[in-house]
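Worksheet: one structure, shown below.
Since every read-out is calculated from the coordinates, none of them should be taken as a lab result. Nothing here was measured: the structure is a model prediction, and the numbers come from that model. Don't worry about glycine lacking a Cβ; one is built from the backbone with ideal geometry, like all the others, and counts go over all protein chains shown.
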Amino acid sequence: MKNILKYSFSILIMISCLVLFTIMAFKVLILEESPVGKDDGTQAPPSEETQDGEDKREEQNPPQPEPDVKDPKDAPFTAADSTYLSDALFIGDSRTLGLSEYGQVQGADFFANTGMSVYNVKEKTVNVAGIGSVNLDQLLSGKKYGKIYLMLGINELGYNQDNTVQKYKELVDYIRAKAPDSLLFIEGNLHVAAARSDSDNIFNNSNINSFNERISQFIDNKKIFYIDVNEIFDDENGNLRAEYTSDNTHILGKYYVNWTEWILTKAIVQ
């Protein structure tokens, strides 16, 4: 009887050990197959909720392309003789009007008057020599120009600059649509003398420079170019030289010829 009890107890111990071993082996197998808790540095794939959330964020914030801003200095400017401007049109305010009167520009047309701005240029009627009294649409529809020079902005300095820049861009697009074969030269606005710039909260060179910088970004150096005549009229501080003006705003009549000669050094021949 003692032997039977002894054998039975031994068998019971063996069965218990076998059951315990089986349970532990099963746990190890489960841990090895699970991606969570591995020591090899891998992670479980993101849930569908996470993926959807990322996709939605990407849709809400798509990457924005970098603006393709051209450098005016990269334009292929060359020098030309006075006949270069014989098929040109100049659009502008009182400064451009002065160029028409004193600049000795041969053969060009001028659509300019003292109060012209980007806000009224399409409504203005101007008496163009050899053509008559026309608005800008009539002028561009009735005659083709090889070059168009645009200087506007000084009269608009008192307006919201963002609005003025937008109107300027609309004018550029309008001119390009009406005269797609013409070269368009955006002209930087002339500076004023220090005596005015330093004492005027609106008509000062800081505002002029800001506006000029923004409109210079409309170029492509293929059909649209930017030129800035301030380089020949400025003093060392970036103001219109006092000796070039009597009203601190416009250059004297005798200096408009210098302006014309300078324009001829910024020719584009295609």
Q: Just order 232-245, 107-120 by mean Cβ neighbour count inside 10 Å, highest at the front, would you?
A: 107-120, 232-245
Q) Using modelled amide H (1.01 Å from N, peptide plane; none on Pro or chain starts), what sits under 5 Å from the amide H of TYR149, excluding residues fewer than 5 places away? A) LEU89, PHE90, ILE91, PHE185
(Q) Report the gain in length on full extension from TYR159 to SER210: 0.36 nm times residue separation, minus Cα-Cα distance, nm rounded to one decimal. (A) 17.0 nm
Q | Restraint check, LYS167/LYS266; LYS122/LYS266; LYS147/LYS178, Cα-Cα greater than 24 Å | A | LYS167/LYS266; LYS122/LYS266
**Q.** Local electrostatic count, VAL165, Cβ distance below 12 Å [Lys/Arg +1, Asp/Glu -1]
**A.** -1
Q. Listed highest first by mean packing, meaning other Cβ atoms within 10 Å per residue, what order do 170-179, 76-85 come in?
A. 170-179, 76-85
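Please give me, ordered by residue number, the GluC sites (Glu not before Pro) of segment 89-169 that lie in loop per DSSP and have at most 16 other Cβ atoms within 10 Å.
Details: sites: GLU101, GLU123, GLU156; in loops: GLU123, GLU156.
Loop-located and lightly packed - GLU123.
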Q: Would you mind computing, in nm to one decimal, how far apart the modelled labels at TRP262 and ALA80 are, each placed 7 Å from Cα along Cα→Cβ?
A: 1.8 nm
Q) Which length gain, in nm to one decimal place, applies between ASN201 and ASP71 when the Cα-Cα distance is subtracted from 0.36 nm times their residue separation? A) 43.8 nm
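Quick one: net charge of ASN258's neighbours, Cβ under 14 Å, K/R +1, D/E -1? Walk me through the numbers before you get to the answer.
Working: positive: ARG95, ARG241, LYS254, LYS266; negative: GLU231, ASP234, GLU243, GLU261.
Once positives and negatives cancel, what remains is 0.
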